[in-house]
Every structure is written in C-alpha cells, then in structure tokens.
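Input: a single structure, listed below in structure tokens.
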Amino acid sequence: MLYLKGAKTVKIMKGTIRTEVTYDDEMKNKYVVKKEWDKNKRKALILMKSAGLTDEIVQDQTTMYVMNNLSKLGYGSVDIMNLFTTLEGNDTNGSGTENLKFVQEEVTKVDDVIIAVGTGIETNKEAQKRLRMIMAILLDKKATILQIECPKGRRGFHPLYPAVKNGWKLVPYDISLVEQVD
C-alpha cells in the first residue's frame, strides 16, 4: 500500500517469520528449529554440528546467516538440525537415536538437504559416525543433498565461514567424503 508522507510516497512492507522449536521434555536437547517466512517457496533442511542459542524468540548469528542466504536463494523456510542436540550436559546415545528419528521424519517434508557441518568434524569420530548414520537416512529417502561452496571452489563449509556467510552457492554433496571416513 502506498502512503503520502510529506512530499514523498513510501511503501510499507510487512513480513512474518513463524518459528517452531522441538525440545525433549527436560529441555536438554533441541532437535529441530523451524523457520518459515513464505510457505509457497521451497523448503530446506540444513544439518550442522551442534545445537546453538536460537530458540523460539532469540536468533543466533548462524540462524541469521542461514535464513538470509536461503531467502536470497529463493527458499521460504528452513528446518535447522544438528549432529549433536545437547544443550546441557553430555550428549547421549539416547539423544542421538531420537535425533535420527526426527531427521527421518523431517527429510520427507523438505525439497533440499544442506550438509553444513564444516570441516572440523574430520577429527571427531563421533561426529563422523552420526553424519554417516544421517547420510544413510538421506540416501534411503532419496533426498537432494547439497553443500555450500566458496567462490574458490572449496566445499563443505559451515554457514559462519567468512568466505560464504554473505552469499551461498549450493552444489551437490560429495557422498564419497562420508564413505571414506571410518
């Protein structure tokens, strides 16, 4: 709608971001953060390493960059998930198993899955193990699996990596990277 304000015409734009967060009963594990700003556009699931500070109101830097970049790429919503869901205490096999159930459910509701765990998991055996388990689910569900590529052609970045945080290029994920690690 156009309004006359002084000698200039201005246009007022409004938007709503709907947020839904799934925790365990004790609020010690965060499984899914859903952000939706346009339900008529494509939906992504992004998988990172560890649950951050984002909740139903607060938005951390990672979530901000994820939403900004996905919006620029024409997406209208994102499900944010992590290899490790623990907010308090040590990560347990129980929380890992529960996380796999959520991945299995959420992957059927999205157009694309973006693996953005970063390069730091190369020395973390538990992170590698969890990524392999999640990749098995994604391959079984025939998900479109992507990753973030930097302008120099390197791949596998976390959304906060300086070379990619303000602009993403999504490319197919190299499945052989997960299969090589043992």
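The values are calculated or read from the model by the stated rules, or taken from the named source; none is laboratory data. These numbers come from a predicted model, not from an experiment. Positions of Cβ are backbone-derived with ideal geometry, glycine not excepted, and every protein chain shown enters the neighbour counts.
Looking at (1) out of contact with any helix residue (DSSP H, G or I) (no Cβ under 8 Å at 6 or more places or on another chain); (2) of a type in the set (S, T, N, Q); (3) surrounded by 10 or more Cβ atoms within 10 Å (Cβ to Cβ), can you tell me which one THR22 breaks?
Here THR22 meets the rest and fails (1).
Given (1) modelled with pLDDT under 95; (2) touching a strand residue (DSSP E or B) at 6+ places or on another chain (Cβ under 6 Å); (3) within 17 Å of GLY76 (Cβ to Cβ), identify the lone condition not met by LYS41.
Of the numbered conditions (1) modelled with pLDDT under 95; (2) touching a strand residue (DSSP E or B) at 6+ places or on another chain (Cβ under 6 Å); (3) within 17 Å of GLY76 (Cβ to Cβ), the odd one out for LYS41 is (1).
Quickly run through segment 123-145 and pick out the residues that are touching a helix residue (DSSP H, G or I) at 6+ places or on another chain (Cβ under 8 Å) and either charged (D, E, K, R) or closer than 21 Å to VAL164 by Cβ (or both). So that I can check it myself, show each step before the final result.
We begin by selecting, within segment 123-145, every residue touching a helix residue (DSSP H, G or I) at 6+ places or on another chain (Cβ under 8 Å); these are 127-128, 130-135, 137-138, 141, 143, 145.
Answer for segment 123-145, where residues must be touching a helix residue (DSSP H, G or I) at 6+ places or on another chain (Cβ under 8 Å) and either charged (D, E, K, R) or closer than 21 Å to VAL164 by Cβ (or both): ALA127, ARG130, LEU131, ARG132, LYS141, ILE145.
Suppose we filter GLU88, GLU106, GLU56, GLU36 for residues that are in contact with a strand residue (DSSP E or B) (Cβ under 8 Å, 6 or more places away or on another chain) and in contact (Cβ under 8 Å) with a residue 60 or more places away in the chain; which single one remains?
Working: GLU88 fails: in contact with a strand residue (DSSP E or B) (Cβ under 8 Å, 6 or more places away or on another chain); GLU56 fails: in contact (Cβ under 8 Å) with a residue 60 or more places away in the chain; GLU36 fails: in contact (Cβ under 8 Å) with a residue 60 or more places away in the chain.
Criteria check complete, one pass: GLU106.
Are any residues in segment 29-53 touching an Asp or Glu at 6+ places or on another chain (Cβ under 7 Å) and either small (Gly, Ala, Ser) or over 23 Å from ILE137 (Cβ atoms) (or both), and if so, which ones?
ALA44, GLY52, LEU53
Select, from ASP38, ASP111, the only residue that is under 19 Å from GLN147 (Cβ atoms) and surrounded by fewer than 17 Cβ atoms within 10 Å (Cβ to Cβ). Break it down stepwise before answering.
Values: ASP38 fails: under 19 Å from GLN147 (Cβ atoms).
Just one listed residue meets the conditions, ASP111.
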